[in-house]
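Working notes, beginning with the structure itself.
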Amino acid sequence: LCGVLVCAWCFGAAEGQSNRTIPYIAGAWELSYTYNELVGPVSNQVANPCKGPFPYTYSWQVYIWQETTVGNGTTVTTGNIRVCRYNLEDCSAKAKRWTIVQGSRKHIREKCPFRPQDEHPNDLAQHPGYMPGGYVKELVPTDKDNRAIDPPSKLWANFHVPTQVPYAYGVFCEQFAWYDISSDTKQTPPYDGAWRYDNETWVVVRDISTCPCFPACADCEERLPGTKIKQVKEDGGACLARYGVTPSQCENVIVGVSGGPAVFPPETTGLELDDFGEPQVCFSYSTLKGRRVKGPDALPEIRSAEWGTIGVPSDNPAPPDA
């Protein structure tokens, strides 16, 4: 199994970068996470704190700002982005600072080792079911002998990215923590009240089904080498030109995976605290898909010294081939 998140050493090709253009994805997006796999601690032989049913889908509305610059008189995009769930967060303070890069072997090896984040030393005291002072623990799965093991995810292990140039563009193994409540999605998810630690990867590709010539031009689709990820052929637009279409007329989409440990309060699981007086831990994994629902004109302006110019859409116009 040669998955991007658990087997980075499977990259066997020589290092290098291609001259492909960084994709431009600024705008309002809908990201949907489908949880197909929930795993309880191996050492827990009595009850599983993970909650179903399978599959379960979260959908978030997300703003993505992206930096562009001018070089030799031409507007080009950089990989610098800010990401915010705009109906839930104060984007000026809570937006994530990520970077779209090529997923080279070197980058994957540096980014993808699992590093659970404990970003809330005091925050959990205000939430029912958690111990005062917060919850601090090295959240790594263990076997029956209490030895650390890799997160046991088939979804992660089966998600491949190219192992040679041209590498895929995306955001690889961004790791963050967040508090999950049912009101976030206006649904009744089974993860209500969990503090979750996610390790998330996006791959950005152009989707053939969004091209104006589809389905006639379905033959202009290819798989990223060594993966199951499909995209519009990267042949300089030759195939689409037969149908009077350019690649820029086809939309970028996001595909990827996410997941990691989730800490549930006893009120959610109905389980007692463990032998160390701490809540039970579940490991949940999802596939994700994203589509842009509005362009960069939908983004609000955020002006601050911390944001610089990236928060002003008019200062970051779309490149001509976006």
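Computed from the coordinates by the stated procedures, all read-outs in this text should not be read as laboratory data. What you are looking at is a predicted structure, and each value in this text was computed from that prediction instead of being measured. FYI the Cβ positions are ideal-geometry reconstructions off the backbone, even for glycines, and counts take in every protein chain you see.
Descriptive notes on the structure:
- Cross-link pairs exceeding 28 Å between alpha carbons, from the set Lys106/Lys289; Lys94/Lys154; Lys154/Lys294: Lys94/Lys154; Lys154/Lys294.
- Modelled spin labels at Glu234 and Val70, positioned 7 Å past Cα toward Cβ, are 2.9 nm from each other.
- Shape category assigned to region 196-275 from the gyration tensor of Cα positions, a/c cut at 1.5: prolate
- Estimated FRET transfer efficiency (Ser314, Glu30; beta-carbon r; R0 35 Å; 0.05): 0.90
- Normalising the average separation of contacting C-alpha pairs (under 8 angstrom, six or more residues apart) by the number of residues puts the relative contact order of region 190-261 at 48 percent.
- Stretching the chain fully between Ala218 and Asp275 yields a gain of 14.9 nm (0.36 nm per residue, less the alpha carbon separation).
- Taken one residue at a time, the phi angles of region 102-114 give Karplus couplings (6.51, -1.76, 1.60, θ = phi - 60°) of 7, x, 6, 4, 4, 5, 4, 5, 6, 8, 8, x, 5 Hz. Gly and Pro are set to x.
- Under the shape rule built on the C-alpha gyration tensor, where the axes satisfy a ≥ b ≥ c, region 228-322 is oblate, since a/c reaches at least 1.5 while a/b does not exceed b/c.
- Extended-chain gain in nm, criterion 0.36 nm per residue less alpha-carbon gap, Ala305 and Gln249: 16.6 nm
- Residue by residue, region 221-237 carries 3J(HN,Hα) couplings of 10, 9, 9, 4, x, x, 10, 9, 7, 9, 8, 4, 3, 9, 10, x, x Hz when phi is fed to the Karplus relation 6.51 cos²θ - 1.76 cosθ + 1.60 (θ = phi - 60°); x denotes Gly or Pro.
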